[in-house]
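Some notes on the structure that comes next.
The values are calculated or read from the model by the stated rules, or taken from the named source; none is laboratory data. Small disclaimer: the values here were computed from a predicted structure and weren't measured. No Cβ is skipped: glycine too gets one built from the backbone with ideal geometry, and neighbour counts run over all protein chains shown. Note: accessible area is taken over every heavy atom of the protein model, side chains too, but ligands, DNA and RNA are not part of it. Shrake-Rupley method; radii C 1.70, N 1.55, O 1.52, S 1.80 Å.
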Amino acid sequence: MAKYWNESIECMAPDDMKALQSERLVKQVRHVYDNVPYYRNLMDEKGVRPEDIRSVDDLHKLPFLSKADLREAYPCGLLAVPQSECVRIQSTSGTTGRRVVAFYTQHDVDLWEDCCARAITAAGGNEDDVCQVAYGYGLFTGGAGLHGGSHKVGCLTLPMSSGNTERQIQFMRDLGSTILCCTPSYAAYLGETLHDMGLTPDDIKLKAGIFGAEPWTEEMRRSIEKSLGIKAYDIFGLTEISGPGVAFECEEQTGMHINEDNFIPEIIDPETGEVLPEGSVGELVFTSITKEAFPLLRYRTRDLCKLTRGKCSCGRTLIKMCKPMGRSDDMMIIRGVNVFPSQIETVLIEQGYSPNYLIEVDRKNNSDTLDISVEMNADQFSDKMKDIQDKEKHLAGAIKTMLGINPKVHLVSPKSITRSEGKAVRVIDRRKLHD
Ligand code: DLL
């Protein structure tokens, strides 16, 4: 079985990787400066010329790009090749503001699929596998990216898209799927449905899952691994930088290897923009050094994260990013305290609840309110009011210990919270709706 998709790159000595990145960066900066007037203006304003960028060490001299720039330049303002050379667009879900549209040449699609092929290989995939792709197809990059990667690896590919959950299980059984690709929240739903259909992991052949596109905790990982009888691998990416496969997990499961030959990561202080030393938590920034059509330099992802370089037992030398702790804009400030939904998820699963919950934040009488609805499973359900109230109190206490603020917990009946087939919506912040 192949251990690496591209061993010479994935196990490259760090100095050689830096030399390769530097060579590609220099070319990329010239390409962008010559072909993207929007970015040329940013460089001119900052007084940086392409010849000032001679290696990765000069990266910090370049201006940042943010989502606001992408919106301003929408749809074609950051395109670096004639549109006739592009073969594909993909897009973000655009829940807030304008969508982001990313363009790809055939070369860009190939590189992207290669990155996804690396991820599938790192999860143990090869040509004997049956890979069920249950990420959404269409403008979202999840379906297209993993589909292309699966083809490259030579897996038998099931382009299921998301939804139609019982049929997913049926296909999984009939065709003997061994790898499942979907969001972690959908994987949890599939695990639950398997159980509801009276089946166990022994009735399916799945061995691995490649789950990403949304934050998920280690507790959630263990719960999915148990319900589906698999090893669950994380995968990271974003539309602006290509899609899934920017980084992927190996069997060690201690962070995701970044495909550094294509994307140079940095961690910056989100307030000052200062580059932080390795190991610090800050905002993740990417520079894509191989893309032709939509090459973003120093793109601020808003994901909070940490980078670590070190020997990995899998043999890969690619730098690792930790699980993103959420986007800086996912962080809620409730009564002056910073709260990430993932902290709440950790407590819920530790306390034996399912990952089906909804966080509602509001402001009443000038004070923030935090309400958390949590689903009970059939065993936790009780028709005695007092039992439920005691459980609610206990859970609220555990959450208060984690967050430092008191939530109101509502235990709700089994199956009453809507399941997610794609990216889960876990938070409703009504304060934003009022503002
Ligand atoms: O979610 C691409 C993707 C598809 C990644 C399938 C992995 C699997 P966007 O819709 O543009 O692209 O959303 C990108 O999702 O900035 C993160 O905030 C979040 N995200 C993606 N992967 C992870 C992950 C796709 N593994 C945004 N853990 C990113 C936590 C993730 N957050």
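Sort out which residues of region 153-182 are of a type outside the set (S, T, N, Q), touching a residue at least 40 places away in the same chain (Cβ under 8 Å) and either more than 11 Å from the ligand (Cβ to nearest atom) or in contact with a Pro (Cβ under 7 Å, 6 or more places away or on another chain) (or both), and write them in order of number. Outline the logic, then answer.
Restricting attention to region 153-182, the residues satisfying the condition of being of a type outside the set (S, T, N, Q) are 153-156, 158-160, 163, 166-167, 169, 171-176, 179-182.
Checking the rest, the ones that are also touching a residue at least 40 places away in the same chain (Cβ under 8 Å) come to 153, 163, 172, 175-176, 179-182.
Matches in region 153-182: V153, G163, M172, L175, G176, I179, L180.
From the list S185, S91, exactly one residue is within 14 Å of the ligand (Cβ to nearest atom), over 25 Å from L296 (Cα atoms), assigned by TED's automatic domain parsing to the domain that holds A80 and within 19 Å of the chain's Cα centre (by Cα). Which is it? I'd like the intermediate steps shown before the answer.
On the way: S91 fails: over 25 Å from L296 (Cα atoms).
It is S185.
Within the group Q380, Q351, which residue is without any contact (Cβ under 8 Å) to a residue 60 or more places away in the chain, over 27 Å from D329 (Cβ atoms) and open to solvent by 40 Å² or more (accessible area, probe 1.4 Å)? Can you show your working first?
Numbers: Q380 fails: open to solvent by 40 Å² or more (accessible area, probe 1.4 Å).
Result of the check over Q380, Q351: Q351.
Outside any helix (DSSP H, G or I) and either closer than 30 Å to L70 by Cβ or acidic (D, E) (or both) - does that describe any residue in region 162-170?
Initially, region 162-170 is screened for residues outside any helix (DSSP H, G or I), giving 162-164.
So of that shortlist, the ones also either closer than 30 Å to L70 by Cβ or acidic (D, E) (or both) come out as 162-163.
Yes, that holds for at least one residue.
Under 6 Å between Cβ atoms, at least 6 apart or on separate chains: pull out the pairs that start in region 209-221 with a residue that is on the phi > 0 side of the Ramachandran plot and end on any residue that is among the polar types (S, T, N, Q) and within 11 Å of the ligand (Cβ to nearest atom).
Between residues of region 209-221 that are on the phi > 0 side of the Ramachandran plot and residues that are among the polar types (S, T, N, Q) and within 11 Å of the ligand (Cβ to nearest atom), the close pairs are A213/T183.
Checking the structure you have, find out if any residue of region 232-249 is at pLDDT 95 or above and away from the ligand (no atom under 13 Å from the Cβ).
Among the residues of region 232-249, not one is at pLDDT 95 or above and away from the ligand (no atom under 13 Å from the Cβ), which makes the answer no.
With respect to D383, determine if the residue is charged (D, E, K, R) and either over 28 Å from the mean Cα position of the chain (by Cα) or within 16 Å of the ligand (Cβ to nearest atom) (or both).
Values: charged (D, E, K, R): yes; either over 28 Å from the mean Cα position of the chain (by Cα) or within 16 Å of the ligand (Cβ to nearest atom) (or both): yes.
Considered against the rule, which asks whether it is charged (D, E, K, R) and either over 28 Å from the mean Cα position of the chain (by Cα) or within 16 Å of the ligand (Cβ to nearest atom) (or both), D383 comes out as yes.
If you scan region 203-216, which residues turn out to be within 12 Å of the chain's Cα centre (by Cα) and either among the acidic types (D, E) or within 14 Å of S354 (Cβ to Cβ) (or both)? Show your work before the answer.
Within region 203-216, the subset within 12 Å of the chain's Cα centre (by Cα) is 210-216.
Those that are within 12 Å of the chain's Cα centre (by Cα) and either among the acidic types (D, E) or within 14 Å of S354 (Cβ to Cβ) (or both): E214, W216.
Just give me the residues in region 280-293 being farther than 11 Å from L25 by Cα and either out of contact with any Ser or Thr (no Cβ under 8 Å at 6 or more places or on another chain) or without any contact (Cβ under 8 Å) to a residue 60 or more places away in the chain (or both), in sequence order.
Of everything in region 280-293, those that are farther than 11 Å from L25 by Cα and either out of contact with any Ser or Thr (no Cβ under 8 Å at 6 or more places or on another chain) or without any contact (Cβ under 8 Å) to a residue 60 or more places away in the chain (or both) turn out to be S280, V281, G282, E283, L284, F286.
Here are some residues: S84, S91, S22, S66. Which one is among the small types (G, A, S) and open to solvent by 60 Å² or more (accessible area, probe 1.4 Å)?
Values: S91 fails: open to solvent by 60 Å² or more (accessible area, probe 1.4 Å); S22 fails: open to solvent by 60 Å² or more (accessible area, probe 1.4 Å); S66 fails: open to solvent by 60 Å² or more (accessible area, probe 1.4 Å).
None of the other options fit; the residue is S84.
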